[in-house]
Each structure stands twice: as C-alpha cells, then as structure tokens.
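Taken together, the values in this text are just the output of simple stated rules run on the coordinates, not laboratory data. Treat the numbers as computed from the prediction; the structure is a model and nothing was measured. Every residue, glycine among them, receives a Cβ derived from its backbone with ideal geometry; neighbour counts consider all protein chains shown.
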Amino acid sequence: MRCVAMPPTGTERYAVVSCHVERPLDDRVWAAFAAFQERRSGGFAVAALMRPPDAAAGEQDEATWLERARAASVRAPFGHHTHFTSPTHARPTGGEPGELVAREGAWLRERGLAPTLFCGGGWYTDGSVAEVCASLGYVDVTPRATRPAYLPDDAAWAELDRPARIDLGAALLAAVPTTHGAGDLVRAVVLPGLPAQVHAYFHDTDLVDPRRRRLITLGLRLLARRRPVSDLDAVAATLGAAPVVSWAEIGRGGPVAVDSVENGSIPDGP
Ligand SMILES: [Zn+2]
C-alpha cells in the first residue's frame with residue numbers, strides 16, 4: 001500500500017529571523033540595520049523588534065524614532081521590544097514589568113503603529129507580562145528553546161521548543177520561541193541536529209561590526225539552504241491549531257520583586 005504523507009501545516013519546518021533593535025536613535029546603528037533589512041540576506045524578511053524611546057534616559061527624538069519604526073514596519077514584520085530598566089539594561093530590577101509593557105504598547109498604538117510581535121529584554125517574562133501580551137494581541141517570541149547560559153538559576157524566563165499557544169487561564173498567548181543567536185547560527189546550520197523550526201536573532205549593534213555582520217550574513221545564507229525561508233508574521237498566521245501548553249509548564253524562575261537586584265548588571269545578553 002502506498003504511504004500518503006500528511007500535507008505540511010506550514011509550521012512543521014521553517015526558518016525565521018528577527019533583530020532586537022536596541023539603538024534606533026543612533027544614526028550609525030540605524031543605517032546599518034536599515035541597509036541589512038533591505039538586503040534580505042538569504043531571502044529573509046528580518047523582523048524589527050524595536051525598543052520604544054526612553055525619554056527619562058534622554059531619548060527625546062520621538063519624530064525620528066517614529067519615522068524609523070514606520071520604515072522598518074513596511075519592510076518586514078514589526079514588533080515591540082521592552083527594556084525593563086534602561087536602554088542599556090534589559091531585564092527588570094523592580095517595578096511592575098507587565099505595566100511597563102502595557103504602557104509602551106499603548107504608546108505605540110496611539111502613534112499608529114501596530115506591532116504584531118513581542119520580545120522581553122534579556123528574555124525576561126512573567127505571568128503578568130504574558131497576560132499583557134495576550135491583551136495586546138501580540139505573538140510572543142520571548143520564550144527560548146534552551147536556557148540562555150548567562151541567566152542565574154532563579155531568573156525568570158520561559159522555555160518552549162516549538163510554536164504553541166500558552167494557556168493563561170483567561171486568554172491564550174501565541175508564541176514562537178527564539179532558538180539561535182547569531183553567534184551560534186553558523187555552527188548550528190553546518191552540524192547535525194538543526195531543529196525543524198529555527199528562529200534566529202541578532203542585535204542591531206552587531207551589524208556595525210564588519211566581522212559580526214559577515215558572520216550573520218553567512219549564517220542566514222546557510223540557514224536558507226537548510227529550512228524553508230519564512231517570516232514571523234507568516235508563521236504566526238498558522239498558529240490557530242498550535243498545541244496548547246500551560247504557563248506553569250513553560251515559565252521558569254519567579255517574577256522580579258520590588259527592589260530586586262536580579263541580574264543587576266546584565267544587559268540584553270547573548
Ligand atoms: Zn534589548
């Protein structure tokens with residue numbers, strides 16, 4: 001009897017790429033990112049996960065930020081990246097992380113931007129952040145397929161090795177985990193064991209270093225030969241029937257406490 005394969009669902013095998021846009025108001029960094037996004041190395045539409053300006057940290061040029069965010073959102077999927085403490089300190093050191101995400105999300109929408117994706121700085125997320133992401137209609141790319149090595153044992157993050165819908169009780173949050181940093185990518189694509197679903201990421205600041213930029217370009221070109229090239233919005237559109245997992249199954253560590261010094265000196269990290 002002839003064996004008939006099931007048709008692919010669209011999320012069985014894919015490669016997608018995102019960039020944490022850390023320094024959108026730095027002309028040199030922005031120019032490097034904008035050029036890279038336009039170039040589409042490997043054929044990838046690189047999602048821009050942009051950090052909103054932090055006026056309290058001196059980032060006052062809202063008009064330039066908005067102009068750049070709009071340009072990025074035309075080129076590829078567009079997302080919201082939160083630094084919970086400061087431009088150079090991604091993870092929270094206290095406060096209410098979920099409230100900050102809600103405030104930034106409202107700020108983006110009031111200005112006509114419609115991010116579809118979210119990534120917590122330094123891979124930080126907790127139940128309150130996840131609930132806010134669901135209420136904003138985001139697809140969360142904060143979960144990691146493997147533990148980021150630099151996080152302390154009790155740090156909060158989420159562990160997920162394939163796309164899923166996270167059951168938060170009152171809502172479902174669709175998630176597409178991030179699987180590979182730029183530094184791991186070339187090695188990962190040439191060795192056996194590359195997962196069927198790859199979501200690679202890098203930072204805009206990587207692109208101003210010619211050696212790192214060449215490495216990222218090479219990684220994306222090799223990746224495009226190994227997995228079907230897609231983008232985060234296209235994968236997100238297929239998640240209506242993705243497996244449901246509970247927050248308890250994927251949440252790691254505990255939420256940040258007031259006056260916490262958790263990861264006090266850790267910026268975005270690899
Ligand atoms: Zn960041």
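Quick notes on this structure:
- Any hit, region 18-26, residues being surrounded by fewer than 22 Cβ atoms within 10 Å (Cβ to Cβ) and polar (S, T, N, Q): no
Okay, residues lined up against (1) exposed (fewer than 15 other Cβ atoms within 10 Å of the Cβ); (2) more than 12 Å from the chain's Cα centre (by Cα):
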site	(1), (2)
A55	yes, yes
D61	yes, yes
T64	no, yes
H89	no, yes
P92	no, yes
F118	no, no
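- Those strands (runs of 3 or more DSSP E) of region 149-244 in which at least 3 residues are under 16 Å from A45 (Cα atoms), within 16 Å of the ligand (Cβ to nearest atom) and touching a His at 6+ places or on another chain (Cβ under 7 Å), considering only elements entirely within it, cover 197-203.
- Y150 buried (at least 24 other Cβ atoms within 10 Å of the Cβ) and aromatic (F, W, Y): no
- Residue in region 68-86 that is within 27 Å of S135 (Cα to Cα), more than 20 Å from the chain's Cα centre (by Cα) and surrounded by 13 or more Cβ atoms within 10 Å (Cβ to Cβ) present: no
- Taking region 170-214 as the range and being hydrophobic (A, V, I, L, M, F, W, C) and out of contact with any helix residue (DSSP H, G or I) (no Cβ under 6 Å at 6 or more places or on another chain) as the test, the residues that pass are A170, L172, A175, A188, V190, L191, A196, V198.
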